[in-house]
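What follows is a single structure, written as structure tokens, with notes after it.
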Amino acid sequence: MLVATEEGILIKDCLLLLELCSNQPIIMPDIQELKRIASQVRRDIIRMVHQCQSGHPGGSLGCTDLMVALYFKVMRHKQPFSMEGRGEDLFFLSNGHISPVWYSVLSRSGYFPTSELGTFRRINSRLQGHPTTHEGLPGVRVASGSLGQGLSVAIGAALGKRMDKDPGMVYVLTGDGELQEGQIWEAIMSAAHHKVDNLIAMVDWNGQQIDGPTKLVMSLGDLEAKWKAFGWIVLQMDGNDMEEVINTLDQAKRLSGKQQPVAILMKTEMGKGVDFMEGSHHWHGVAPNDEQKDIALAQLEETLGDY
């Protein structure tokens with residue numbers, strides 16, 4: 001059972017306490033519970049962006065299922081938060097403009113109070129439009145939003161874990177439009193050369209960017225062939241099918257440790273969950289008005305309590 005509180009959904013802490021008291025294995029959320037969390041996260045995204053009339057709802061909604069799967073099912077992560085992250089899995093958000101989904105998931109998994117989501121993009125808020133570190137927001141280890149840099153950071157973290165003999169995995173999410181940045185391909189080449197096999201890179205392959213479809217702005221060509229040519233193991237998945245997301249992430253973990261980094265090309269729908277937003281680049285960075293907000297929320301079940 002999930003418990004919604006002022007401090008977020010402290011699911012991992014509650015389950016750990018249950019295990020310690022009963023000597024029974026932790027039972028993690030099933031697919032239906034993960035879908036319920038995802039519905040609430042999508043509500044958070046709409047409300048956050050609407051409230052400040054600024055932000056990026058499209059990609060945030062599209063990546064919700066992945067982020068929920070990572071933080072509530074797949075990754076091993078600890079609280080209280082430590083920047084070093086020793087002995088746990090690390091996550092880096094390279095396409096930092098989709099911060100609303102990350103902030104919601106961090107809060108709903110207990111990193112900070114859910115009430116703080118109401119400060120998104122406010123002056124002096126810890127929840128800036130692009131994640132930063134100087135505010136000290138738990139869960140954020142690097143500033144991001146300048147596209148093309150996150151994969152390089154993740155490679156460095158993965159190499160550090162390897163040097164420390166730390167078994168933790170490193171996960172990084174990039175956008176597909178972000179793959180138009182040259183630094184990305186330098187990083188892809190570097191990770192393969194150095195056999196960074198404790199790294200899983202995920203691409204939000206929604207085919208949209210701020211100026212339009214990626215195929216019209218700057219065609220990405222055959223992404224699977226490109227990543228493989230650079231020496232990566234490449235998987236594909238439907239990023240809006242929770243069961244497939246879980247299964248593919250599990251497969252990626254099983255393929256780690258084989259002298260090659262792993263990439264997951266994740267097909268998603270920009271604006272997933274809100275019918276008038278789905279599949280359109282127009283919602284890359286536009287906030288809904290009052291009427292649109294109400295229409296969107298009517299399509300998303302409130303499952304854990306709005307902040």
* Asked: From the list GLY160, GLY150, GLY85, which one is surrounded by fewer than 18 Cβ atoms within 10 Å (Cβ to Cβ) and among the small types (Gly, Ala, Ser)?
  -> GLY160
* In region 288-307, residue farthest from LYS272 (Cα to Cα) [restricted to those that are surrounded by 19 or more Cβ atoms within 10 Å (Cβ to Cβ) and either out of contact with any Asp or Glu (no Cβ under 8 Å at 6 or more places or on another chain) or without any contact (Cβ under 8 Å) to a residue 60 or more places away in the chain (or both)] -> LEU304
* Structure fact -> Considering residues that are within 22 Å of ASP197 (Cα to Cα), out of contact with any helix residue (DSSP H, G or I) (no Cβ under 6 Å at 6 or more places or on another chain) and touching a residue at least 40 places away in the same chain (Cβ under 8 Å), the number found within region 137-160 is 7
* Counting only residues that are under 8 Å from the mean Cα position of the chain (by Cα) and in a helix (DSSP H, G or I), how many does region 50-72 have? -> 5
* Scan region 27-38 residue by residue and report those that are in contact (Cβ under 8 Å) with a residue 12 or more places away in the chain and either over 16 Å from LYS73 (Cα atoms) or outside any helix (DSSP H, G or I) (or both). => ILE27, MET28, PRO29
* To do: Would you check which residues across region 198-215 are touching a residue at least 12 places away in the same chain (Cβ under 8 Å), surrounded by fewer than 19 Cβ atoms within 10 Å (Cβ to Cβ) and farther than 18 Å from GLY148 by Cα and list them?
  => GLY212, PRO213
* Which condition does ALA187 not pass, out of (1) touching a residue at least 24 places away in the same chain (Cβ under 8 Å); (2) under 18 Å from GLU269 (Cα atoms), if it passes all the others? -> (2)
* To do: With the checklist (1) surrounded by 22 or more Cβ atoms within 10 Å (Cβ to Cβ); (2) in contact with a Ser or Thr (Cβ under 8 Å, 6 or more places away or on another chain); (3) assigned to a strand (DSSP E or B) in hand, flag the one item ALA263 doesn't pass.
  => (2)
* **Candidate set: region 40-63, residues that are surrounded by fewer than 23 Cβ atoms within 10 Å (Cβ to Cβ) and among the polar types (S, T, N, Q); chosen: the one nearest to THR248 (Cα to Cα)** => SER54
* State which residue pairs qualify: first residue at positive phi and inside region 216-235, second residue of a type outside the set (Val, Ile, Thr) and outside any strand (DSSP E or B) in any location, beta carbons under 7 Å apart, and separation of 6 or more residues or different chains. => GLY231/ALA192; GLY231/GLN260
* To do: Quickly run through region 73-94 and pick out the residues that are under 13 Å from GLY160 (Cβ atoms) and within 12 Å of the chain's Cα centre (by Cα).
  => LEU90, PHE92
* Structure fact -> If we take region 115-223, then helices (runs of 4 or more DSSP H) inside it with 3 or more residues that are closer than 30 Å to VAL49 by Cα and not β-branched (Val, Ile, Thr) are 150-163
* Asked: When you look at PHE92, is it in a strand (DSSP E or B) and not charged (D, E, K, R), yes or no?
  -> yes
* **Boolean, SER104 is in contact with a Leu (Cβ under 7 Å, 6 or more places away or on another chain), of a type outside the set (Lys, Arg) and either surrounded by 21 or more Cβ atoms within 10 Å (Cβ to Cβ) or touching a residue at least 24 places away in the same chain (Cβ under 8 Å) (or both)** => yes
* **Condition check for LEU66: modelled with pLDDT of 95 or more, surrounded by 14 or more Cβ atoms within 10 Å (Cβ to Cβ) and either touching a strand residue (DSSP E or B) at 6+ places or on another chain (Cβ under 8 Å) or within 30 Å of GLY207 (Cα to Cα) (or both)** => yes
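The values are calculated or read from the model by the stated rules, or taken from the named source; none is laboratory data. Because the structure is a prediction, the values reported are computed rather than measured. Positions of Cβ are generated from backbone atoms using ideal geometry, with glycine treated the same way; all protein chains shown enter the neighbour counts.
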